[in-house]
Each structure stands twice: as structure tokens, then as C-alpha cells.
Amino acid sequence: MLLVSLMLTISACSSNQSDQTNSQTEVEPAPDFEVTTIDGETIRLESSLDEGKPVVIYFTASWCPICAQNWPVLSEVYPEFEDRLTLVAISIDPTDDVETMRALAEEKNFQFPSTHGIPEIMLDYNVDSQATTVGVNRDGNIEFRRNKTALSADEYRELFTRLVD
């Protein structure tokens, strides 16, 4: 827990943005995960891939200002792709309980599934901050990471299209 708290503090103070895309030769298998959303839906990486749907994981936090820029964009773009990919926003903050995330989702009108704080998944995916988008292709490999950055609707559409095509 101390490690997670330290990572949250470091990432919250950092303004460094980075962008990673796996090349054709790099293969990074995505760790399986299973979460229950604030609406009671179970989302599991392996199940989504079995259905032929790639997965986008958005690592967020209720207090994150960059995330607050991405939430409306994700709410705009995800409905265009929800029949072809799975998206889930996973809070990295263990204090973001179900009630906190449900209230946030209602206030900000999330049009995508989200979960309470589960920092272990962040660690499994080698993610070191909130406002990070990870794309997992149909083969179960990490296709891209966009770290600590706000993306436009067109940028999300491009990333999502890359996964579904």
C-alpha cells in the first residue's frame, strides 16, 4: 500500500507526458483482469477477446484534472465503437470507492463503464499514472499506451479504429 501511495503522489505531481506504441516486433502480452463496474457489470479481458473485441483500459482518478478533460471525449467517442471494442475506466486510487465513482459518473455523464479504485491492475500493466489509455488488440497484446495526456475525439477515434480494423 505504501508503494501505491508513493506512486500516486509521484504521478500526481508529474506533468511529463509520454507516448508509447508497440512496434511490429515488440510483443507485450496484456495481463488478464476481471473487474465489476459501478453498475454491476463484469468485464474480463479474456472474455472480451474471446468475443473478438479488443479492449481499451483508461486508468483514471476522481481528482485528476487531465482525466476530467478525457471523460467527455471518451463519452462522445465510445458509443461509436461499443459494439466492436470494450472500454473500461479503472480508477488507480484505492480511495475512489464505488459510491465516489458512481457519483462522478452521474455528475460527468459517463457513457462508458467504470470501476472503483483498483491500483493492482495499474501495476500489472506497468502504468505509473492516471490519465493513461492502454489498448489491447484482439491477440491479447498491448497495442499502445498514451500516458498522462488529454486526447481529442479524433485521436481516440484513430486509436479505437486501429484496434477494431
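Readers should treat all values here as calculations from the given coordinates under stated rules, not as data from a laboratory. All values reported here derive from a predicted model rather than from experimental measurement. FYI the Cβ positions are ideal-geometry reconstructions off the backbone, even for glycines, and counts take in every protein chain you see.
What the table below lists for this structure:
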| item | result |
| --- | --- |
| Proximal charge balance of residue 89 [Cβ under 13 Å; K/R count +1, D/E count -1] | -2 |
| Extension gain from residue 36 to residue 153, taking 0.36 nm per residue of separation minus the Cα-Cα distance | 39.5 nm |
| Phi-based couplings in Hz for segment 87-96 (Karplus 6.51, -1.76, 1.60; Gly and Pro marked x) | 10, 9, 9, 10, 5, 8, 9, x, 7, 7 |
| HN-Hα J in Hz across segment 27-37 - Karplus 6.51, -1.76, 1.60, θ = phi - 60°, x for Gly and Pro | 10, 10, x, 7, x, 5, 8, 9, 10, 10, 6 |
| Among 127-138, 29-40, the order from most to least packed when residues are scored by Cβ within 10 Å on average | 127-138, 29-40 |
| Rounded to whole Hz, the Karplus (6.51, -1.76, 1.60) HN-Hα couplings of segment 154-165, x for glycine and proline | 5, 5, 5, 4, 4, 5, 5, 4, 4, 6, 8, 7 |
| Label-point separation, residue 69 to residue 99 (7 Å along Cα→Cβ), nm | 3.2 |
| Segment residue 84-residue 123, length gained on full extension (0.36 nm per residue, minus Cα span) | 11.4 nm |
| Within-12-Å neighbourhood charge of residue 156 [Cβ basis; K, R +1; D, E -1] | -2 |
| Amide H partners (placed H, <5 Å) of residue 60, local residues excluded | 90, 91, 92, 131 |
| Within-15-Å neighbourhood charge of residue 72 [Cβ basis; K, R +1; D, E -1] | -4 |
